[in-house]
1. Quote to one decimal, in nm, the extra length available between V89 and H123 on full extension: 0.36 nm per residue of separation minus the C-alpha distance between them.
2. Can you order the peptides 24-33, 178-187, 120-129 by their average number of other Cβ atoms within 10 Å per residue, highest first?
3. At 1.4 Å probe radius, can you tell me the per residue accessible area of the stretch 151-237 in Å²?
4. Under the Karplus relation 6.51 cos²θ - 1.76 cosθ + 1.60, θ = phi - 60°, what is the ordered set of whole-Hz ³J(HN,Hα) values for the stretch 112-118, x standing for Gly and Pro?
5. List every residue whose amide H lies under 5 Å from the amide H of L261, counting only residues 5 or more places away in sequence or on a different chain, with H placed 1.01 Å from N in the peptide plane.
6. Ordered by residue, what ³J(HN,Hα) values in Hz, to whole numbers, does the stretch 193-206 give under the Karplus form 6.51 cos²θ - 1.76 cosθ + 1.60, where θ = phi - 60° and Gly and Pro are x?
7. In nm, what is the difference between 0.36 nm times the number of residues separating R171 and R151 and their Cα-Cα distance?
8. Apply the Karplus curve 6.51 cos²θ - 1.76 cosθ + 1.60, θ = phi - 60°, to the phi angles in the stretch 221-230 and return the couplings in whole Hz, x for Gly and Pro.
Amino acid sequence: MLGGPLDVGFDYYFGVLGDNHTYPILAENRRHIFLWAGLMGGIGLLAMGGLYQTQNRHIARLQAMRDRLYQAETLSSLGKLGAGVAHEVRNPLNAISMAAQRIQRDFPPADPNKKEAFDRITHILRDEIKRLNGIVEDFLALSRSNRTDFRPQSIADVLERILFLIRDEARSRGVRIETRWSEGLPMVSMDAAKMHQAILNIVRNALEAIPGDGRVTIVCEKAWRNRVSIRVWDTGVGIPAGEETRIWNPFYTNKEGGVGLGLAIAHEIITAHGGEIRIESEEGSGTIVEILLPGAASLAGTGSESPGVG
């Protein structure tokens, strides 16, 4: 019978009770959909961010590789060109140097009033000859930079020899030299002569960055992953902001009379040894150069505490 109590019961159940059960389920499903959509969107954004950062790292590494390749090609070309010129210049330069020494020794002016000017002129002449000879040596070093003789050796011994060479120069400049080597330093597989040249260039650059009295601190200690860390810290004028990466480029210099090859050669040598150079500088406050070198496997050297003073 239509319109009876049974039909009313069905209508009530599917109309009233059905709505009461369906709407909460639909609302819950909508919440789940929104949550999952938001979660997937967040994951997508994170993935895109990760891909963007990875791409930027790859681009930065590629650019760094291009820069290193360009620098290596530039140094190689300069080395080949400079070696030929340097050999031709060296002989007459040595002859001029010997002539200047003989003039100063054997032909001083008889007039005492002219003696002081004579000594000053001959001293300047010998200094300029010495500077030219240094430039020649820099070019010759470029031509020899690809010939290396790697052997496990003590980096502390190399540092001690450098300290012996620069101590008098530092004292004459009024610069105090402080050193500290850690005990148990790993041996380093290196060409000792080239590593000596690289670190000496960096230490001399630190000395020349100090206009008056100051301090250069050299610290050598074991770093993570069996590496050796050498830090050269000076209290000099520092490097202008934005110039930190340019100092390794050939012919870049901010020193009067500088050539700009010393640090480029040092960078080339250290890179050839599988090492890296890090630099921190603040203009007017000084510079810290850190050299990281891989230690020779299964070998250990003994260091020494050396609170040396220049």
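1. 10.1 nm
2. 178-187, 120-129, 24-33
3. Normalised by residue count, the accessible surface of the stretch 151-237 is 44 Å².
4. Ordered by residue, 3J(HN,Hα) equals x, 5, 8, 5, 5, 5, 4 Hz.
5. Distant-sequence amide H within range of L261: F251.
6. The phi angles translate into 5, 6, 5, 4, 5, 5, 5, 4, 4, 5, 5, 5, 4, 5 Hz.
7. Computed gain between R171 and R151 is 3.9 nm.
8. Ordered by residue, 3J(HN,Hα) equals 8, 6, 10, 5, 6, 6, 10, 10, 10, 10 Hz.
The values are calculated or read from the model by the stated rules, or taken from the named source; none is laboratory data. Note that the structure is a prediction, hence the values are computed from the model and not measured. Glycine also receives a Cβ, built like all others from the backbone with ideal geometry; neighbour counts cover every protein chain displayed. Note: areas computed on protein heavy atoms with side chains; ligands, DNA, RNA excluded. Shrake-Rupley method; radii C 1.70, N 1.55, O 1.52, S 1.80 Å.
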